[in-house]
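The structure appears below as structure tokens.
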Amino acid sequence: MPRSLIALLAAVAAAFAVSHFSDRLDPYYLDVMTGVGINIILAVSLNLVNGYTGQFSLGHAGFMSVGAYLSAAITLMLGPRLLGDGGGSAVQQGLLFLGALLVGGLGAAVAGLAVGIPSLRLKGDYLALVTLGFGEIIRVVFQNVEALGGALGLNGIPNYTTVFWVYSFGALAVFTVVCLVHSTYGRGFLATRDDEIASEAVGLNTTRYKIVAFVVGAFFAGVAGGLYGHFKLTITPTGFDLTKSIEIVVMVILGGMGNTPGVILAAILLTILPEVLRSVEQYRMILYALLLILLMLLRPNGLFNFNYAAIASRLRRGPGRARD
Amino acid sequence: MFRPLRPLPAAVLVAVALTARPLLSQEAIRIGEYASLTGKEAAFGQSSHKGTLLAVEEINAAGGVLGRRIELITDDNQSKQGESATIAKKLIARDKVAAILGEVASMRSLEAAPICQAYRIPMVSPSSTNPKVTEIGNYVFRVCFTDRFQGQALAKFAKDTLKIRRVAVLTSVSSAYSVGLAKYFDERFAADGGLVAIEQRYTEGDKDFNAQLTAIKAAGVEGIFVPGYYTEAALICKQARELGIGIPLFGGDGWEAPELMEIGGEAVEGTYYTTHYSPQIDVPVVRQFVAKFRARFDGETPDAMAALGFDSVEVLVDAIRRADSTEGPAIRDALAATKDFAGVTGTTTIDRDRNASKAAFVLMVKDGHFRFVQSIAP
Amino acid sequence: MTEFLQQLLNGLSLGAIYALIALGYTMVYGVLRFINFAHSDVFMVGAFIGYFAGRHLPQGSALSGLIALACAMAGCAVLGIAIERLVYRPLRSGPTLNVLITAIGMSLFLEYAGQLAFGATPRAFPPIFPARVIAVHGLIVSTSQVIVIAVALVLMVALEFTVHRTRIGTAMRAVALNPKAAQLVGINIDVVISFTFGLGSALAAAGGVLYALNYPSIDPLMGVVPGLKAFVAAVLGGVGNIPGAALGALILGMVETFVDGSRWSTYKDAIAFATLIGILLFRPAGLLGRFTAEKV
């Protein structure tokens, strides 16, 4: 069995174990852990689009909202009918939730396709603006659709999200992105990012890579949205606005575009930091803004963009030996 | 080199350290509050918080509750979605609060309510008016009226006092409060024989309402109902007057802020809105409250949010006294039994649905001030 | 018919404001090939400078209005130049993505610092220019609308003059055409770029003051939506093309006003973005722009 698959299964098992004992844990810590997991999925999926494929997308929160609304609609409306009055057994609820998440993810993937295709010809600034525009369009549409709650959004969403689900999908997201990019096929993403014209010249279908990146990224964002909805139990259209997209973008940039371990670290840091700094909460967005500016000026490769290969080989060789 | 600590003194130190904390925390009764102190709705959150703070300070100065002082733990949700849920968990799990106060906006109350319900910690909202909030569960209360009542009261006022039979309704689709209030108004107004001749919509943050108002002007109505917030209401009144629309404009409790007159100027003179209290009502409890508030906060006159914030603490503390306990279920039962509690915002009785059955006050803008017009009983 | 004319006037006035903002976007894009995300917040700062200036001036006189306008324009010109110097210039030689991200960061910084400094609650903008409402054949004309249109026209004419009849204007056009060649003929790129930023920011500030005049409620986040719409207008007209930006803004102002009065009024933001996407898909050069082939 390939190492990565073993790692994935191990992560899922660990998540299950933690979830099992979750009622012994402080609910606040559990809350933060769940938040971290959801942000990891969001950051890693955006990293595929922004970091590995070089498509600067500012509309990721839009995909998240599609997933959140779709999955919540399923559990709220189909749930009672499928599970009956008793609420169903844990297994039944789990299956319903899984189904809802997958449908949410698929819906978001379709949205990703809808956004990706028109954006193919655009680069840099224009692409950023168009993705921003799509995110806003999605928000306005949800705000106006009464069936999905309109401005009030959906509430009373069943509390299905657990550490198990979040970290299993988190592991799956990391697994997918890493395997995708480090495969022979996956070189195409990096090539598209580095020099699109040269890639086309050597016969790579950059269009396909860009679309795949958008669709896969959107799928996981949708799943994250579904997990978020069943975690916060209330979702409104305004919660998935440009500010949310930017928060995810900051994680990717802080971690280093195209650097999965860095992005994961950044997601963890940027979820825990606001909790720790609750007393200075009003400065949070200003600090984010300054962080972006300073990062670009001083360390555009991200804070956590270490040369992992070099570190790994140093560790293997052990300290004390000459570096040559 | 090291000399290890002598075991006995070390053990004593450790024991004292471990037991000292619990001793101290038995002193104060902790009450949590989550509010929008910064961000888009900072005005409402800050006002409500001031009222809450004043009440807590006053109660502590008078000796506290059950012989213990109240410790108010306030957290800011920055008017953002998603924060209130985390704050509620933090207040319950880490700060071990006995009850939670919050919030002004129904959207954010709906986030924290399921958590308070699940952990059986009573939640008292000072001014969330959407009916759904208390429907979450039997641990969720509010000390204000609901939009259902407010919409009906406004319909009654429009028909009986303003003598309007054809009305235009201008709703904000991005605000659950606005949509809800409009719905209840429409239902009652039509049921009483009136006609909602035209409905127009806008989004929060909009600045230009000329298009909607031009359409309303062409519809020949006798009044315009604007169930939104003062930020847009002020501009709507201004642009309506500029377009030559002279008919009355009126709205709900979202209109109440001094900025209404700052931004609206002349245009808001003669407009009406409903709210939960008026600083001009000449009863001792209101007079004293206004005086205390002004003394504490630099001469600022308390608005409805502040008054409700104040009353939410008073009602909660009264329940704690009656329950003679700080356990969640006991406080809950006492809250549900609240009857005829005399507060700043009138007499509060908590009904079966855990809403407060209270009168609405109609105020009018006259000479740059809010003036009391009439009260509408439930 | 009256309703139609009324909406037309409203649309003209709105379009004039978008034009002032769009001009700044288009000039900076023309010279630097990058979208200055912080431009919409310079608009907001202009409105606030006008607010603070206006409070110390007698209300309702044209002179006070012009003084406030001048203060705002000068202040924001300085702000724009400072931002360029401190934050964008060091990154000019790097990948454009980095500058874009920095611009986003700058925009957020201005917005949230504004919230911290001024509070998030809207403030009432003082009526500095004389404000009267005149009825002309059933049409309601407010003097603020007339002032907005007049000032915008004057500024646009001044801009055209600057760009086509002055040396610095010619230098701007040269840098827009080919920066390297411009340097070769001895043009100081740094000066030209600073000037462009200053000019664009001054226009945005004017837009801010005029916007606040028409809709006297200002808050630190007021620039976000008008800024995005103005950008759509610039793209509609052809980015880098000055008359194009004005035309695009006019069209967008009209469309938005008519949409506002229809059933779809709450979708108007979505419609503006859909317009942007549509243009970029079908006619990326915009209405008046020229499509330049990309040489590899």
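Taking amide H positions as placed in the peptide plane 1.01 Å from N, state which residues far from residue B:141 in sequence (5 or more) or on other chains have amide H under 5 Å from it.
B:123, B:124, B:125
Karplus couplings for the stretch C:142-149 from phi (6.51 cos²θ - 1.76 cosθ + 1.60, θ = phi - 60°), rounded to Hz, Gly and Pro as x?
9, 4, 4, 4, 5, 4, 4, 5
Take every DSSP beta bridge with both residues inside the protein assembly as shown and express the antiparallel ones as a percent of the total, to the nearest 5.
Details: 24 of 53 bridges.
For the protein assembly as shown, the DSSP antiparallel bridge percentage is about 45.
For the protein assembly as shown, what is the mean residue ellipticity at 222 nm derived from helices alone (per DSSP H run of n ≥ 4: -39500 (n - 2.57); sum divided by total residues; nearest 500 deg cm²/dmol)?
Details: 38 runs with 594 residues, N = 998.
Result for the protein assembly as shown: -19500 deg cm²/dmol, rounded to the nearest 500.
Suppose we look only past 22 Å in the calculated P(r) of the stretch C:1-127. What percent of the Cα-Cα pairs does that tail hold?
Numbers: 3841 of 8001 pairs.
Cα-Cα pairs of the stretch C:1-127 separated by over 22 Å account for 48 percent.
Calculate the spin-label point distance for residue A:9 paired with residue A:197, positioning each point 7 Å from the Cα along the beta-carbon direction, and give it in nanometres.
4.9
If you take the charge dipole of the protein assembly as shown about its Cα centre, with +1 on Lys and Arg Cβ and -1 on Asp and Glu Cβ, which of A:118, A:230, C:253 is farthest toward its positive end?
Going by the Cα projections, it comes out as A:118.
Quick one: putting +1 on the C-beta of Lys and Arg, -1 on the C-beta of Asp and Glu, what dipole do you get for the protein assembly as shown around its Cα centre, in Debye to the nearest 20?
Values: 80 positive and 72 negative charges, 494 e Å.
Around 2380 debye, computed over the protein assembly as shown.
Less than 19 Å apart at the alpha-carbon level, and either on another chain or at least 8 residues along: which lysines does that give for residue B:217?
B:163, B:207, B:238
Once Rh is set to the Kirkwood radius over Cα pairs, what Stokes-Einstein translational diffusion coefficient, in µm²/s, holds for the stretch C:134-245 at a temperature of 4 °C and a viscosity of 1.567 mPa s?
On the way: Rh = 16.2 Å.
The Stokes-Einstein estimate is 80 µm²/s.
If each of residue B:59 and residue C:52 carries a label point 7 Å out from its Cα toward its Cβ, how far apart are those two points in nm?
4.2
For the stretch A:3-317, what's the relative contact order in percent, using C-alpha pairs closer than 8 Å and at least 6 residues apart? Each step should come with its number before you reach the end.
Values: 488 pairs, mean separation 104.3, N = 315.
Answer for the stretch A:3-317 is 33 percent.
What's the center-to-center distance, using Cα atoms, between the stretch A:118-142 and the stretch B:95-144 in Å?
37
Treating cross-link reach as a plain straight distance, find the aspartates and glutamates whose alpha-carbon is under 19 Å from the alpha-carbon of residue A:123, omitting any fewer than eight places away in the same chain.
A:194, A:195, A:196, A:200, C:294
Give me the distance between the Cα centres of the stretch B:192-256 and the stretch C:93-121, rounded to whole Å.
Going from one Cα centre to the other spans 35 Å.
Of the residues C:116, C:69, C:252, which exhibits the maximal mean-square fluctuation in a Gaussian network model of chain C defined by a 10 Å Cα contact cut-off?
C:116
With N denoting the number of residues in the stretch B:148-275, provide Rg(C-alpha) divided by 2.2 N^0.38 Å, to two decimal places. Let's see the in-between values first.
Working: Rg = 12.9 Å, N = 128, 2.2 N^0.38 = 13.9 Å.
Working it through for the stretch B:148-275, the quotient is 0.93.
Arrange C:92, C:165 by Cβ neighbour counts within 10 Å, fewest through most, would you?
Numbers: C:92 16, C:165 9.
Placing the least packed residue first, the sequence is C:165, C:92.
Once you order the gyration tensor axes a ≥ b ≥ c over the Cα atoms, which shape class does the protein assembly as shown get: rounded for a/c under 1.5, otherwise prolate or oblate by comparing a/b with b/c? All intermediate terms of the calculation are to be shown ahead of the outcome.
Details: a/c = 1.67, a/b = 1.06, b/c = 1.58.
Oblate.
Would you calculate the convex hull of the Cα atoms in the stretch A:3-317 and tell me its volume per residue in Å³?
Numbers: hull volume 48.8 nm³, N = 315.
Spread over its residues, the Cα hull of the stretch A:3-317 gives 155 Å³ apiece.
Which whole-Hz ³J(HN,Hα) couplings does the stretch A:55-63 yield from phi under the Karplus relation 6.51 cos²θ - 1.76 cosθ + 1.60, θ = phi - 60°, glycine and proline marked x?
Here the 3J(HN,Hα) series is 9, 6, 9, 10, x, 4, 5, x, 5 Hz.
Mind checking which aspartates and glutamates have their C-alpha under 13 Å from residue B:358, skipping anything on the same chain fewer than 8 residues away?
Within the straight-line cut-off, residue B:358 pairs with B:147, B:311, B:340.
Given charges of +1 on the Cβ of Lys and Arg and -1 on the Cβ of Asp and Glu, with all other atoms neutral, how large is the dipole of chain B about its Cα centre, in debye to the nearest 20?
Details: 43 positive and 45 negative charges, 200 e Å.
Dipole size: approximately 960 debye.
Extent of chain B along each principal axis, from alpha carbon coordinates, in Å, largest to smallest?
Dimensions of chain B along the principal axes of its Cα atoms: 91, 48, 39 Å.
Show me the helices of chain B, taken as full DSSP H stretches, that run 15 Å or more along their long axis by Cα and average -1.0 or above in Kyte-Doolittle hydropathy. If you can, show how the numbers build up before the last one.
Working: long enough: B:7-25 (28 Å, 1.57); B:42-61 (28 Å, 0.11); B:106-118 (18 Å, 0.26); B:147-160 (19 Å, -0.85); B:176-191 (23 Å, 0.10); B:230-242 (18 Å, -0.36); B:284-296 (18 Å, -0.05); B:304-323 (28 Å, 0.89).
Those that pass (Cα extent of 15 Å or more, hydropathy at least -1.0) are B:7-25, B:42-61, B:106-118, B:147-160, B:176-191, B:230-242, B:284-296, B:304-323.
Given the peptides B:317-327, C:3-13, arrange them by the average over their residues of other C-beta atoms within 10 Å, most packed first.
Peptide ranking by packing, descending: C:3-13, B:317-327.
When only Cα pairs under 8 Å and 6 or more residues apart are kept, what is the percent relative contact order across the stretch C:1-116? It would help to have the intermediate numbers written out before the result.
Working: 67 pairs, mean separation 33.8, N = 116.
Relative contact order, the stretch C:1-116: 29 percent.
Below 8 Å, C-alpha to C-alpha, sequence gap of six or more: please give me the relative contact order for the stretch B:148-275 in percent.
Working: 232 pairs, mean separation 32.2, N = 128.
The value is 25 percent.
Computed over the Cα atoms of chain C, what is the ratio Rg over Rh, Rh following Kirkwood?
0.97
Using +1 at the Cβ of each Lys and Arg and -1 at the Cβ of each Asp and Glu in the stretch B:263-337, identify which of B:274, B:264, B:329 lies farthest towards the dipole's positive end.
B:329
Using 10 Å bins from zero, what percent of all Cα-Cα pairs in the stretch B:23-171 falls into each bin?
11, 36, 30, 15, 6, 2, 0
Only the coordinates and a few stated rules stand behind these numbers; no lab work does. Keep in mind the model is a prediction, meaning the values are calculated, not measured. Reconstructed Cβ throughout: ideal geometry from the backbone, glycine too, with neighbour counts over all protein chains shown.
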